[in-house]
1. Cβ-Cβ distance below 9 Å, separation of 6 or more or different chains: which pairs start in the stretch 93-111 with a residue that is farther than 15 Å from Ile134 by Cβ and end on one that is surrounded by 16 or more Cβ atoms within 10 Å (Cβ to Cβ) and among the polar types (S, T, N, Q)?
2. Do we find a residue being touching a His at 6+ places or on another chain (Cβ under 7 Å), open to solvent by 20 Å² or more (accessible area, probe 1.4 Å) and either at pLDDT below 95 or within 23 Å of Ile29 (Cβ to Cβ) (or both) anywhere in the stretch 144-164?
3. If you go through the stretch 48-56 one residue at a time, do you hit one that is in contact with a Ser or Thr (Cβ under 8 Å, 6 or more places away or on another chain), farther than 18 Å from Arg161 by Cα and modelled with pLDDT of 95 or more?
4. Return yes or no: is Ile14 more than 22 Å from Val165 (Cβ to Cβ) and within 19 Å of the chain's Cα centre (by Cα)?
5. Scan the stretch 59-73 and tell me whether some residue there is among the hydrophobic types (A, V, I, L, M, F, W, C) and more than 20 Å from Ala111 (Cα to Cα).
6. How many residues, within the stretch 143-161, are of a type in the set (Asp, Glu), part of a loop (DSSP other than H, G, I, E, B) and within 18 Å of the chain's Cα centre (by Cα)?
7. Could you tell me which numbered condition Leu4 fails, if it satisfies all but one of (1) farther than 21 Å from Thr172 by Cβ; (2) part of a strand (DSSP E or B); (3) touching a helix residue (DSSP H, G or I) at 6+ places or on another chain (Cβ under 7 Å)?
8. Condition first: out of contact with any Phe, Trp or Tyr (no Cβ under 9 Å at 6 or more places or on another chain) and either within 18 Å of Gly61 (Cα to Cα) or part of a strand (DSSP E or B) (or both). Now tell me which residues in the stretch 162-176 satisfy that.
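The values are calculated or read from the model by the stated rules, or taken from the named source; none is laboratory data. Everything quoted here is computed from the prediction, not taken from an experiment. Here the Cβ is made from the backbone with ideal geometry for all residues, glycine too, and neighbour counts use every protein chain on show. With ligands, DNA and RNA removed, areas are computed over all heavy atoms of the protein, side chains included. Shrake-Rupley method; radii C 1.70, N 1.55, O 1.52, S 1.80 Å.
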Amino acid sequence: MTDLVKVRKISTQIEEVYHEGGPVLEDPILRGSIIAVVDNPYAGKYVEDITPFMEALKPLGLKVAKQLINALGGDPEKICSYGKGAIVGEDGEMEHGACWHVAGGYAMREALGQAYAIVPSSKKVAGVGARMEIPITHKDASYVRSHFDAMEVGLPDSPRRGEIVFALVMTTGGRPHARLGGLTVDDISANDGLR
């Protein structure tokens, strides 16, 4: 990492989903999140050019994307959905969280090898212990309805006032009992990130 990126900790959470009240799946859907708690170099002051931080975050984005893929079994081809988010501590601003758009989103695309869809995201400014819902969509086609989902992330001691929580989420499947029609995974054809 660079002088601009000082990581306090990284936390990974994996869920194995066997059912949501319906038939039990033979192979559970894995849902994972990874959080990096980072010092905010711009906390407490307005800085016009914050692109150096965005650029400096790229290696961290790739590191945590690869770590999350490994935690989900290590095979990028089994990952089918993703999302990203940031919670900025109280001495920062929303735009500081937006530095994760490039660093987190493009890192996941690079680590996965193929991902056509835009990476959905969420961000906010909040205090210690804040949690957020990160939207999730299919990595190759945003309109695959069975994969519209969200995952809650957060840590009880983060972000401190001068920190930012940067998060990535990935899954190996859509909702366990999706049955509301729409575009299916088997019908993805356009390779344009939408359909």
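1. Here the result reads His96/Asn40, each pair linking the stretch 93-111 to a residue that is surrounded by 16 or more Cβ atoms within 10 Å (Cβ to Cβ) and among the polar types (S, T, N, Q).
2. Of the stretch 144-164, the ones touching a His at 6+ places or on another chain (Cβ under 7 Å) are 144, 147, 164.
Still in the running and open to solvent by 20 Å² or more (accessible area, probe 1.4 Å): none.
Looking for residues that are touching a His at 6+ places or on another chain (Cβ under 7 Å), open to solvent by 20 Å² or more (accessible area, probe 1.4 Å) and either at pLDDT below 95 or within 23 Å of Ile29 (Cβ to Cβ) (or both), one finds none in the stretch 144-164, hence no.
3. Within the stretch 48-56, the first condition is being in contact with a Ser or Thr (Cβ under 8 Å, 6 or more places away or on another chain), and the residues that meet it are 56.
Right, trim to farther than 18 Å from Arg161 by Cα and you get 56.
Now narrow it down to the ones that are modelled with pLDDT of 95 or more: 56.
Yes: one or more hits.
4. Values: more than 22 Å from Val165 (Cβ to Cβ): no; within 19 Å of the chain's Cα centre (by Cα): yes.
The answer is no for Ile14.
5. At the first step, the residues of the stretch 59-73 found to be among the hydrophobic types (A, V, I, L, M, F, W, C) are 60, 62, 64-65, 68-69, 71-72.
Those left that are additionally more than 20 Å from Ala111 (Cα to Cα): none.
Within the stretch 59-73, none of the residues are among the hydrophobic types (A, V, I, L, M, F, W, C) and more than 20 Å from Ala111 (Cα to Cα).
6. So the answer is 0.
7. Single failed check for Leu4: (2).
8. We begin by selecting, within the stretch 162-176, every residue out of contact with any Phe, Trp or Tyr (no Cβ under 9 Å at 6 or more places or on another chain); these are 162-163, 165, 172-173.
Across the stretch 162-176, the qualifying residues are Glu163, Val165.
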